[in-house]
Amino acid sequence: LAHFEDVAVYVPVDISEEHLLESQMSIKADFPGVEVLPVVADFTRPFALPNPEVAPLRNIVYFPGSTIGNFEYEDALGLLRVMHQEAGEDGALLIGIDLQKAPAVINAAYNDAAGVTARFNLNILSHLNHAFGADFDVDAFEHRANYDEEEGRVAIELVSDRAQVVSIGGEVIDIASGEAILTEYSHKYTLDGFAAMANDAGFVMGKAWTDPERRFGVLYCTRD
């Protein structure tokens, strides 16, 4: 926001109302001249935009990070189509994507020596225990992440190191030793590959920015 001129309104969208309202207060404090209208919604589905005090000349959908990579192709395409709808006539999309790179680099990132990714992954089970009364033995699972170069994606899993029985939501689940729970995909794109998917959603890729090693990209797309 610090680099935009003449911003009519900023509309942050998130499914977590508490987090969203905290962000609203922080943004309003940093940018008192910008109207902030948060929307609590699932951004993968169409939602109604609020009515700002000043009608914008165009909408720009901003999707930073590389969250689009967590969706399989059809779901990612569906999300882009929602963005196309929310952008409206003459609208645009500014989006971040993780780019394909040497498998050794990717595997090292998802199996980092400090164990940060492993703790992040295992925390899924801790959250299920805390929020839903499950009884996963977190210590009985190991983090595993492998990059499939042909598919262009990392499969992130939790692997049971023994046979066990888990209960969650009134259901009882038998888990075999060595059985894996797929927790996440992380897709890596080429610029041309993402441009083709964006085009299928009704966008035309304009400018692309990457770091010097071309590991990450930020793309500006306009509606076709």
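Only one of PHE43, PHE31 is surrounded by 15 or more Cβ atoms within 10 Å (Cβ to Cβ) and either over 27 Å from PHE194 (Cα atoms) or charged (D, E, K, R) (or both). Can you tell me which? Write out each step before concluding.
Working: PHE43 fails: either over 27 Å from PHE194 (Cα atoms) or charged (D, E, K, R) (or both).
None of the others qualify; the one that does is PHE31.
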Unique match (being without any contact (Cβ under 8 Å) to a residue 40 or more places away in the chain, more than 26 Å from VAL204 (Cβ to Cβ) and either of a type in the set (D, E, K, R) or surrounded by fewer than 14 Cβ atoms within 10 Å (Cβ to Cβ) (or both)) among GLU17, GLU53, GLU5: GLU17
Residue among ILE97, ILE181, ILE106, ILE168 that is more than 17 Å from ARG215 (Cα to Cα) and modelled with pLDDT of 95 or more: ILE181
Flag for VAL159 being farther than 30 Å from GLY88 by Cβ, in contact with a Phe, Trp or Tyr (Cβ under 9 Å, 6 or more places away or on another chain) and among the β-branched types (Val, Ile, Thr): yes
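Residues are listed down the side, and each one gets a yes or a no for (1) farther than 25 Å from ASN59 by Cβ; (2) free of Cβ contacts under 8 Å to residues at least 24 places away in the same chain:
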site	(1), (2)
GLY88	no, no
GLY91	no, no
LEU94	no, no
GLN100	yes, no
VAL105	yes, no
ALA109	yes, yes
ALA118	yes, no
ASN121	yes, no
Residue in region 135-142 that is under 22 Å from ILE68 (Cα atoms), in a helix (DSSP H, G or I) and open to solvent by 30 Å² or more (accessible area, probe 1.4 Å) present: no
Residue count for region 87-127, restricted to those that are surrounded by fewer than 19 Cβ atoms within 10 Å (Cβ to Cβ), over 27 Å from CYS221 (Cβ atoms) and touching a Phe, Trp or Tyr at 6+ places or on another chain (Cβ under 6 Å): 3
PHE63, sole failed condition from (1) of a type outside the set (A, V, I, L, M); (2) within 27 Å of VAL204 (Cβ to Cβ); (3) open to solvent by 40 Å² or more (accessible area, probe 1.4 Å); (4) at pLDDT 95 or above: (3)
Lone unmet requirement of (1) in contact with a strand residue (DSSP E or B) (Cβ under 7 Å, 6 or more places away or on another chain); (2) in a loop (DSSP other than H, G, I, E, B) for ALA114: (1)
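The values are calculated or read from the model by the stated rules, or taken from the named source; none is laboratory data. Fair warning: this is a prediction, and the values are worked out from it, not measured in the lab. Every residue, glycine among them, receives a Cβ derived from its backbone with ideal geometry; neighbour counts consider all protein chains shown. For accessibility, only protein heavy atoms count, side chains too; no ligands or nucleic acids. Shrake-Rupley method; radii C 1.70, N 1.55, O 1.52, S 1.80 Å.
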